[in-house]
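For reference, the structure discussed in these notes is given below.
The values are calculated or read from the model by the stated rules, or taken from the named source; none is laboratory data. It should be emphasised that the depicted structure is a prediction, and the values quoted were computed from it without experimental measurement. FYI the Cβ positions are ideal-geometry reconstructions off the backbone, even for glycines, and counts take in every protein chain you see.
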Amino acid sequence: PVRAVAAMADQAPDSLEALNALIRRSEPLVPGATQAVLGEGPPGAAIAFVGEQPGDQEDRQGRPFVGPAGQLLSRAMAEAGIVRADAYLTNAVKHFKFEQRGKRRLHQNPTAGEVSHYRWWLERELDLVAPRLVVALGATAVLALAGRAIPVTRARGPAEFGRGYAGFITVHPSYLLRLPEGAKEEAYAAFVADLRRVGDLAR
Ligand code: URA
């Protein structure tokens, strides 16, 4: 059904509302998600952030980056002088994929096939938002934006995604959450430094 909807829409939707209406109606590629989590932020935002996929909290609340990784991202943005409400935030994959373990829903990484399935939405979404700069947060976002796997550690910094906006590659905030205590502080500072550069590049 999702593919059918996408094919129907090959005359690309000409507004974010129209695109979002399509995404909302689409079935998750992998069953289980409560709802599609759409991008959030003003069209015309100077900076768009692209994450991986909604997590447990995002799936429940229907908003991107509201769980632990999102809170860390918000804090780092504020420290770097980027106003979250002025930026556009979205994900490469629009539905939460998880493995149920008792009461817990454990996040599962999307496959390359799933990323490529959702790429159609992401490209149209970013064309409609028309930011000056698109920030890929982590490897899945890089795969979605560049169309091929590029190691984040090697490509970290300004990037070219071959569309009408400048690109930037940095780590995903959930990577910072998973680091051992002794490594967190330095990695977080490097992330904030990346976001400062992002702010400068988007001016
Ligand atoms: N991680 C993501 O990549 N996106 C979200 O929205 C939340 C967590």
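Give me the residue from the stretch 20-44 that is of a type in the set (G, A, S) and in a loop (DSSP other than H, G, I, E, B) and, out of that set, modelled with the lowest pLDDT. Looking at the filtered set, the residue picked out is S26. Among the criteria (1) more than 28 Å from L106 (Cβ to Cβ); (2) touching a Pro at 6+ places or on another chain (Cβ under 8 Å), the one S174 does not fulfil is (1).
In the stretch 45-65, of all residues being more than 9 Å from the ligand (Cβ to nearest atom) and part of a loop (DSSP other than H, G, I, E, B), the one that is farthest from L126 (Cα to Cα) corresponds to G62. When the stretch 87-107 is limited to residues that are surrounded by fewer than 14 Cβ atoms within 10 Å (Cβ to Cβ) and not aliphatic (A, V, I, L, M), the one that is farthest from the chain's Cα centre (by Cα) turns out to be G102. Taking every residue in the stretch 52-67 that is closer than 10 Å to Q35 by Cα and without any contact (Cβ under 8 Å) to a residue 24 or more places away in the chain and pairing it with any residue that is near the ligand (Cβ under 6 Å from one of its atoms) and small (G, A, S), at least 6 positions away or on another chain, the pairs with Cβ-Cβ distances below 9 Å are Q61/G67.
Residue-by-condition table, conditions (1) over 15 Å from the mean Cα position of the chain (by Cα); (2) under 23 Å from P54 (Cβ atoms); (3) surrounded by fewer than 23 Cβ atoms within 10 Å (Cβ to Cβ); (4) away from the ligand (no atom under 13 Å from the Cβ):
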| position | (1), (2), (3), (4) |
| --- | --- |
| V129 | no, yes, yes, yes |
| L137 | no, yes, no, no |
| A144 | no, yes, no, no |
| P158 | yes, no, yes, yes |
| I169 | no, yes, no, yes |
| A183 | yes, no, yes, yes |
| E186 | yes, no, yes, yes |
| R196 | yes, no, yes, yes |
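So is T90 free of Cβ contacts under 8 Å to residues at least 12 places away in the same chain and either in contact with a helix residue (DSSP H, G or I) (Cβ under 8 Å, 6 or more places away or on another chain) or under 23 Å from Q57 (Cβ atoms) (or both) or not? Judged against the criteria, T90 is not a match.
crowded, with 17+ Cβ neighbours inside 10 Å and within 16 Å of the ligand (Cβ to nearest atom): does that describe L133? Spelling it out, it is not the case that L133 is crowded, with 17+ Cβ neighbours inside 10 Å and within 16 Å of the ligand (Cβ to nearest atom). Of all residues in the stretch 72-87, those satisfying the criterion of being more than 10 Å from the ligand (Cβ to nearest atom) and not in a loop (DSSP other than H, G, I, E, B) are S74, R75, A76, M77, A78, E79, R84, A85, D86.
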